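The values are calculated or read from the model by the stated rules, or taken from the named source; none is laboratory data. Note that the coordinates shown come from a computational prediction; the quantities given were computed from them, not determined experimentally. Just so you know, the surface numbers come from the protein's heavy atoms only, side chains and all, with ligands and any DNA or RNA stripped out. Shrake-Rupley method; radii C 1.70, N 1.55, O 1.52, S 1.80 Å.
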Amino acid sequence: MSMNSVYHVLTQIIIPRPVAWVLTEHQNGKYNLAPFSYFSAVCADPPIMMISVGKKPDGSEKDTYQNIIERGNFVIHIASSDLAGVVTKSSAVLEQGKSEVDLCDLETVDVEGFSLPRVIGPKVAMSCRLYEEKTLGNNGQHLIFGVIEKVWLDERVAVTNEKGRLEVSAAAVDPISRLGGNEYATLGDVLNIPRPS
């Protein structure tokens, strides 16, 4: 089976996959913004996120990878269903150093104490510092591990319960997730099943 065939099978059976909408800064000062669905939390102490970054169609490195390696910081956003079209638009392959933030007419706002801003629109943003990078596979797939330094939550998605614990409403976040081909999924029904004690 060819690499392309394996990729297309995996993206149709490993479903749904959360989408990391990742902002980085190019050396020219422009902001790169791209979605990645090979993405997950991998550690709580310290809080570490992982994104997997492949190559451009021509085999060159993606701007996201180069920007993180060169500058060490990135911001992961969790986009809601109303942003699915813009997330898809930001996946376009642009000339190096061109900005998807500009292409998509998005705005950013500074994050206090962090070098990069967040995009206005998503209800969740995690400001991350590069922790480690590993390269895997025959084509040089990059695993980027980042330590979360700051988390921003829209006040409409989070409350503090009677025990003082933060509770985030999944329905209010309304995240999109990737399926195969051009398909995204939304949450639909949320099951609440108590764990055994």
Exercise for review: Hey, could you grab the Kirkwood Rh for the stretch 68-118? Inverse mean 1/r over distinct alpha carbon pairs, Å, one decimal.
Suggested key: 12.6
Practice item. Quick one: check the C-alpha center-to-center distance for the stretch 62-140 versus the stretch 43-58, whole angstrom. Key: 12
Revision key, fill the gap. Of 117, 47, 18, the most mobile residue in a GNM of the chain (C-alpha springs, cutoff 10 Å) is 47
Check your understanding: Taking a quarter of the surface of the Cα convex hull of the stretch 3-60, what do you get in nm²?
Key -> 5.7
Exercise for review: Order 109, 119, most accessible first, counting only protein heavy atoms with a 1.4 angstrom probe.
Suggested key: 109, 119
Exercise for review: Taking all protein chains together and a probe of 1.4 Å, list 163, 62, 30 from the most accessible to the least accessible.
Suggested key: 163, 30, 62
Review point. Expressed in nm to one decimal, what extension gain is obtained for the pair residue 156 and residue 55 from 0.36 nm per residue of sequence separation less their Cα-Cα distance?
Key: 32.7 nm
Practice item. Taking the Cα atoms of the chain, report the difference between the largest and smallest coordinate on each principal axis, in whole Å and largest first. Key: 53, 43, 33
**Study point:** Sequence-distant residues sharing a close amide H with residue 128 (under 5 Å, placed H)
**Key:** 74, 75, 76, 149
Review point. What Kirkwood radius, in Å to one decimal, follows from the Cα pairs of the stretch 93-171?
Key: 15.7
Revision key, fill the gap. For the stretch 50-137, using Cα atoms only, the Rg and Dmax in Å read 13.6, 38
Review point. Under a 1.4 angstrom probe, counting protein chains only, how are 159, 19 ranked by accessible area, largest first?
Key: 159, 19
Review point. In terms of the Cα gyration tensor, with a ≥ b ≥ c the square roots of its eigenvalues, is the stretch 12-94 rounded because a/c is under 1.5, prolate because a/b exceeds b/c, or oblate?
Key: rounded
Practice item. Starting from the amide H of residue 19, placed 1.01 Å from N in the peptide plane, find each other amide H under 5 Å away whose residue is 5 or more places distant or on another chain. Key: 178
Practice item. Could you tell me the accessible area of residue 95 in Å² (1.4 Å probe, neighbours in place), rounded to the nearest ten? Key: 130
Exercise for review: Return the subset of 62/134; 56/134; 89/123; 55/150; 62/89 for which the Cα-Cα distance in this structure is over 21 Å, preserving the input order.
Suggested key: 55/150
Revision key, fill the gap. Counting only protein heavy atoms and leaving out ligands, DNA and RNA, the solvent-accessible surface of residue 36 at a 1.4 Å probe, in Å² to the nearest 10, equals 10
Exercise for review: Quote the accessible area belonging to residue 187 in square angstrom, nearest 10, computed with a 1.4 Å probe and with ligands, DNA and RNA left uncounted.
Suggested key: 80
Check your understanding: For the chain, which whole percent of the accessible surface, found with a 1.4 angstrom probe, sits on carbon and sulfur atoms?
Key -> 51
